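Some notes on the structure that comes next.
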Amino acid sequence: MDTIKVGIIGAGGIAQHSHIPSYKKVDGVEIVAIADINEAKARGTAEKAEIPKVFKDYRDLLDIKEIDAVSICTPNVFHKAMSIDALNAGKHVICEKPVAAKGSDASEIIDAAKKNERIFMAAQVQRFNHISQILKDFIVRGDLGEIYYVKGGYLRRRGIPGLGGWFTNKALALGGCMMDIGVHALDRMYWLIGSPQPVAVSGMVVQKFKDNAVDGGWPPLATRQGDLFTGVNDVDDMATGYVKFDNGTVLFIEASWATNCEPYNYLELMGTKAGAKSTGDNLKIFSEIGDNLVDIAPVISRKNDPSVEQMKHFIESIRTGKEPITTPDEIINVAKILEGIYKSAETGREVLISEL
Ligand SMILES: NC(=O)c1ccc[n+]([C@@H]2O[C@H](COP(=O)([O-])OP(=O)(O)OC[C@H]3O[C@@H](n4cnc5c(N)ncnc54)[C@H](O)[C@@H]3O)[C@@H](O)[C@H]2O)c1
């Protein structure tokens, strides 16, 4: 396979600001087609990015034989059907997060990837940022010892994406802040602790800013032209989850699009040899030297563009046939944990993963 030919499904914010520019920075990749139900947006994006073929119906894009791989950049509710259709059409797939809101939906996608012997990767871009990569190196080397507790979150004070568009419409988004940004923090923590088997989940899911909602500016206004606007806002703006794993590790996750707090992203890992805390772009290790407790601030010498690294990795997986960084079990378990958080919040009790 010389040049890998790619199609983009969904021409909105993430396609225009991440997938398209990132593919353009990867050698041996050509974007040959783009599809969006908003044909004018697809056409405008294609003109700017010099993409030769434009479609309104993504199935027409999937009919193009020369396309090896597709990026799925559409509202969450379409991820499952589009991924399965693309895999059945013989394409490798990278799908935006959340891949699925239910374990059974994620399993169906994974089955389609296995049946068609294609790569399926979840676009969990935060695994590629330099802090995540450094931490993963430390953890794999054993520098933190046994990690038994991890907590983290993605907290916005006021910042609801696409207020009144698909993001805030449960039928299209499948959930609110936990599905949208909570999944970033959840996936990153789950991967860092070595992806143990989840056993039980408790969750809290609320909407407290329905009448005081502020648009967060994403997707960028220039990419919203002609978008569906329903005015619906029926999803969570704050959610938390507490997950127990079969090895005894516990994970706490919190996410908000709107709440009265300091807005920040954070992650804290507690291990038997050392702990680690990351806020935004900072990283600190809590360790010991001799009888002394020490705080270590790693020098971040390898800043990268996570989105470009993500696309390089996807293309490399296609070329080598190696399993991508997001494994089938991880994709299914992240979906099950999300499902468990919402189900626990709805039922008011702890949910066993074996029930899902
Ligand atoms: N990785 C990240 O950091 C990140 C950031 C933002 C969004 N996302 C994810 O990317 C996906 C898209 O989000 P976005 O911000 O680009 O939204 P967006 O609204 O800007 O773009 C979505 C596009 O999909 C199109 N679309 C809707 N239904 C379609 C269909 N049936 N066929 C073809 N096109 C269709 C819309 O017309 C729109 O242009 C979501 O799953 C979101 O969670 C990821």
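The values are calculated or read from the model by the stated rules, or taken from the named source; none is laboratory data. Here the structure is a predicted model, which is why all the values come from computation and not from measurement. Positions of Cβ are generated from backbone atoms using ideal geometry, with glycine treated the same way; all protein chains shown enter the neighbour counts.
Here's a check for you: in the stretch 268-291, which residue that is over 25 Å from residue 155 (Cβ atoms) and not small (Gly, Ala, Ser) is surrounded by the fewest Cβ atoms within 10 Å (Cβ to Cβ)?
The selected residue is 291.
Hey, among the residues in the stretch 148-166 that are aliphatic (A, V, I, L, M) and assigned to a strand (DSSP E or B), which one's farthest from residue 242 (Cα to Cα)? Steps first, answer last, please.
To start, the set of residues in the stretch 148-166 that are aliphatic (A, V, I, L, M) comprises 150, 155, 160, 163.
Restricting the remaining residues to those that are assigned to a strand (DSSP E or B) gives 150, 155, 160.
Values: 150: 10, 155: 16, 160: 23 Å.
Filtering the stretch 148-166 for residues that are aliphatic (A, V, I, L, M) and assigned to a strand (DSSP E or B), the one farthest from residue 242 (Cα to Cα) comes out as 160.
Residue-by-condition table, conditions (1) outside the structural domain of residue 217 (by TED's automatic domain parsing); (2) crowded, with 22+ Cβ neighbours inside 10 Å:
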{"position": "257", "(1), (2)": "no, yes"}
{"position": "293", "(1), (2)": "no, no"}
{"position": "297", "(1), (2)": "no, no"}
{"position": "321", "(1), (2)": "yes, no"}
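Need the failing condition index for residue 98 against (1) more than 13 Å from the ligand (Cβ to nearest atom); (2) part of a loop (DSSP other than H, G, I, E, B); (3) buried (at least 17 other Cβ atoms within 10 Å of the Cβ), just the number.
Residue 98 satisfies every listed condition except (1).
Tell me, which strands (runs of 3 or more DSSP E) lie completely within the stretch 210-313 with 2 or more residues that are within 22 Å of residue 124 (Cβ to Cβ) and among the hydrophobic types (A, V, I, L, M, F, W, C)?
Numbers: elements: 238-245, 250-256, 264-271, 275-279, 282-289, 292-296.
In the stretch 210-313, 238-245, 250-256, 264-271 are the strands (runs of 3 or more DSSP E) which contain 2 or more residues that are within 22 Å of residue 124 (Cβ to Cβ) and among the hydrophobic types (A, V, I, L, M, F, W, C).
Given 200, 255, 222, which one is at pLDDT 95 or above, within 16 Å of the ligand (Cβ to nearest atom) and small (Gly, Ala, Ser)?
Values: 200 fails: within 16 Å of the ligand (Cβ to nearest atom); 222 fails: at pLDDT 95 or above.
Exactly one residue qualifies, and that residue is 255.
Which one of the conditions (1) modelled with pLDDT under 95; (2) within 20 Å of residue 100 (Cα to Cα); (3) among the hydroxyl-bearing types (Ser, Thr, Tyr) does residue 240 fail to meet, given that it meets all the rest?
The single condition residue 240 does not satisfy is (1).
Give me the pairs: first residue in the stretch 320-332 and of a type in the set (Ser, Thr, Tyr), second residue assigned to a loop (DSSP other than H, G, I, E, B), beta-carbon distance under 7 Å, and six or more apart or on different chains, which are they?
So the pair list comes out as 326/124.
Just to verify a result, which residue in the stretch 47-91, among those that are under 24 Å from the mean Cα position of the chain (by Cα) and in a strand (DSSP E or B), is nearest to the ligand (Cβ to nearest atom)?
The residue in question is 72.
Can you name the number of the only condition in (1) closer than 19 Å to residue 204 by Cα; (2) in contact with a His (Cβ under 8 Å, 6 or more places away or on another chain) that residue 95 fails?
The failed condition is (1).
Where the second residue is polar (S, T, N, Q) and in a helix (DSSP H, G or I) and the first is assigned by TED's automatic domain parsing to the domain that holds residue 152 and lies in the stretch 173-189, which pairs have Cβ atoms under 6 Å and are six or more apart or on separate chains?
173/76; 174/76; 184/126; 188/126; 188/132
Which of the residues that make up the stretch 13-35 are near the ligand (Cβ under 9 Å from one of its atoms) and either over 12 Å from residue 72 (Cβ atoms) or surrounded by fewer than 16 Cβ atoms within 10 Å (Cβ to Cβ) (or both)?
13, 16, 17, 18
When residues of the stretch 19-33 are filtered for being assigned to a helix (DSSP H, G or I) and in contact with a strand residue (DSSP E or B) (Cβ under 8 Å, 6 or more places away or on another chain), how many remain? So that I can check it myself, show each step before the final result.
If we filter the stretch 19-33 for residues that are assigned to a helix (DSSP H, G or I), which is where we start, we get 19-23.
Filter once more, so that each one left must be in contact with a strand residue (DSSP E or B) (Cβ under 8 Å, 6 or more places away or on another chain): 19-20, 23.
So the count comes out to 3.
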